[in-house]
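Bear in mind these aren't lab numbers, they're just calculated from the coordinates by the rules spelled out. It should be emphasised that the depicted structure is a prediction, and the values quoted were computed from it without experimental measurement. Backbone-built Cβ (ideal geometry, glycine too); neighbour counts: all protein chains shown.
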Ligand code: PSU
Ligand code: MN
């Protein structure tokens, strides 16, 4: 990598690993600030970093703090993002310049984390679920900027699919239109976050991190640009019952409609309602799947370096 961008503040450990070509895994912060309650969120953020290290990679949690994009955070930063004591903006591509210019704390979504990872020379990113096409997008036009980012920014995003608060079929159609390969890690169908399966097939099943790395290299060698989605289903042990989840999700969607929640507030609202309605169960599942994604991402990062 050349000179880091002046708006980036890269932790020395991350900068050294990137310039030496050692594996690095980016981690997002919206899931910490807006996706999980305190203190499970900060505990999970710490665990993800430890899991990435256990696989021999360097973790780089990303957030906007006091006018800089920070790549690799200190424990005190994780606490600030998690505790709820300070207000934390949710920053997607649209919001990044505002969050940087106006200061304070900003949590980066999948889209904004991809942008920051690319600026820092990081090619692999682990999260829980990606944003997508909302169920009544035909009326609301609510399609996550994550999909547009996947079309343009060359980062591999390891996730557990997407929550069925979204329209998974339309989300996959939108990814196809944008030229984003969706790989199923040891699965033939796109996982639905809490549940291992959906009715929708992935573009290819892959069995190993090396296979993922080969496909990514082909895409980038062809200058196709853009990202790759690796969909890693939640473990059998933590997966939730699909019909129970369908009820919970439809009730969360009803609540959002009644309250008129829209725009960037919708995803955090739905995530919060789903976790209230399932008690601790969904939080446990969420933690389990994101942990598995962090480990897999570290192995993909190693394979990409090899
Ligand atoms: N889906 C989840 N958990 C999350 C998110 C999505 O299951 O935490 C977060 C991610 O940061 C994602 C963002 O990038 O929500 C998408 O928000 P929107 O739909 O407003 O683009
Ligand atoms: Mn939206």
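Over region 146-297, what is the relative contact order in whole percent, taking alpha-carbon pairs under 8 Å and six or more residues apart? If you can, show how the numbers build up before the last one.
Details: 230 pairs, mean separation 45.8, N = 152.
Reported as a whole number, the value is 30 percent.
When only Cα pairs under 8 Å and 6 or more residues apart are kept, what is the percent relative contact order across the chain?
On the way: 631 pairs, mean separation 60.8, N = 306.
Worked out over the chain, it gives 20 percent.
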Quick one: compute the contact order of region 107-168, relative version, from alpha carbon pairs under 8 angstrom and 6+ residues apart, as a percent.
44 percent
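Per residue, what volume in Å³ does the convex hull of the Cα atoms of region 43-91 enclose?
Values: hull volume 4.0 nm³, N = 49.
About 82 Å³ per residue, rounded to a whole number.
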Yeah, region 85-159 with a ≥ b ≥ c from its alpha-carbon gyration tensor (a/c under 1.5 is rounded, else prolate when a/b outruns b/c, oblate otherwise) is oblate
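If the convex hull of the alpha-carbon atoms of region 117-190 is projected onto planes in all directions, what is the mean projected area in square nanometres? Write out the running numbers ahead of the final one.
On the way: hull surface 20.3 nm².
So the mean shadow area of the Cα hull is 5.1 nm².
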Quick one: 85, 214, 273, fewest Cβ neighbours within 10 Å first, how do they rank?
85, 214, 273
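Counting other beta carbons within 10 Å of each residue's own, what order do 259, 264 fall into, fewest first? Each step should come with its number before you reach the end.
Working: 259 11, 264 18.
Ranked by crowding around the Cβ, least crowded first: 259, 264.
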Per residue of the chain, what 222 nm ellipticity follows from adding -39500 (n - 2.57) for every DSSP H run with n ≥ 4, rounded to the nearest 500?
-14500 deg cm²/dmol
Using the Cα gyration tensor of region 157-306, with a ≥ b ≥ c the square roots of its eigenvalues, what is the shape: rounded (a/c below 1.5), prolate (a/b larger than b/c) or oblate (neither)?
prolate
Where a ≥ b ≥ c are root eigenvalues of the Cα gyration tensor, a/c under 1.5 meaning rounded, otherwise prolate if a/b exceeds b/c and oblate otherwise, the chain counts as rounded
To make sure I understand, if each residue's beta carbon is the centre and we count other beta carbons within 10 Å, what order do 164, 275 fall in, fewest to most?
275, 164
